[in-house]
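This report refers to the structure that appears directly beneath it.
Every read-out reported here was derived from the displayed coordinates using simple, explicitly stated rules and does not represent laboratory data. The shown structure was predicted, so the numbers you read here are calculated from the model rather than taken from an experiment. We place every Cβ from the backbone using ideal geometry, glycine too, and count neighbours over all the protein chains shown.
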Amino acid sequence: MPSEPFVQTKPFSSLFILDSTKLKELVTAIQKNFSSTTSPVLRFEILLSDNRKFSGSTIDFLLEHENSVKNPIIELDIVVSDTFEHPNKSCNVNFNRDNSKILLKVKSSEKGWLNSIFPDIENQIARTFFGDLPLESAKSKFFLFNFAFLVMISILFGQILKTQELKLTNEDMAQITKLGQEAKTDAEKIESLFQIQNRHLINSNNVLAFVSKQFFSISWKSILIILPLILVFLYFLYLRSWFPGSLFLWGDQREFLERKKAQRDTISNWLFGGLFINIVAGLYIIAIS
């Protein structure tokens, strides 16, 4: 009774871009580990987004597929074995675009061969890794949203504390100054002092009204800081939509990626160009004011 074959699997979780060059190098790395006396059997199976499946035995079959934008390849299964039926040795690499998962599975009755094939295949798989999408990880989302929140709160309270030192608005000061100038008698002068203290207490106690007023009357200098921050925040918020995620990069998908890159570069150039002008103009205005 034949012994059960050894099976070793290793999952990978990463965005990937698999192009024709890396595909050929991966297949070559797998095939070279099989005996030179026999020609290994190569099989490909692809799954499209409309759930149709196609299979073939050559790389040309795979690369000639249109891989359209509306109905792209979402899963690729690569199988290399020593025989077509009941193989003693086999290597399977599965790429899944939807969840950005890659699974390597090697089966053999020889444990030594199984261990020797892994490093080469792992290295070729790692070459397809693309890294995380912008704002994909929880850590990056936490940092961005907290950074934006802290900046806005700092600006708001900076405005509040700056005005809180006076307690009185410019309108208050103008009216009270007028009262002081018009005061003739001691009673009128006392009345003007009373008005100052009364306005002072009203502004100090009416905290919600004060905060609301300061928030909606932020100075133009603060706007010079807030506006670029908002633009940067929106840029990172929508940056993810300009990255297509994992890709099988042949057929129509190659042109699709080029269009995405062009859109991203155009938006980035306009944004950072505008930020540079905003910063220079802001510094100039602050310097002369």
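Among 50-63, 91-104, the peptide with the highest mean count of other Cβ atoms within 10 Å heads the list, and the full ranking is 91-104, 50-63. What the pair-distance distribution of the stretch 14-58 shows, using all Cα-Cα distances binned every 10 Å from zero, is 21, 43, 30, 6, 0 percent. Its alpha carbons give the stretch 6-126 an Rg and a Dmax of 14.2, 44 Å. Of the peptides 119-128, 259-268, the ranking by mean beta-carbon count within 10 Å, highest at the top, reads 119-128, 259-268.
Between residue 255 and residue 127, the modelled labels are 2.8 nm apart [label points 7 Å from Cα along Cα→Cβ]. Available extension along the chain between residue 83 and residue 35 is 16.1 nm, counting 0.36 nm per residue and deducting the alpha carbon span.
Computed from label points 7 Å out along Cα-Cβ, the spacing between residue 66 and residue 96 is 2.8 nm.
Relative contact order, whole percent, for the stretch 6-126 stands at 33, derived from Cα pairs under 8 Å and 6 or more residues apart. Legend: ranking of residues 270, 250 from fewest to most surrounding C-beta atoms inside 10 Å; resulting order 270, 250.
What FRET efficiency do you get for residue 43 and residue 231 if R0 is 51 Å and r is their Cβ-Cβ distance, rounded to the nearest 0.05? Result of the calculation: an efficiency of 0.50.
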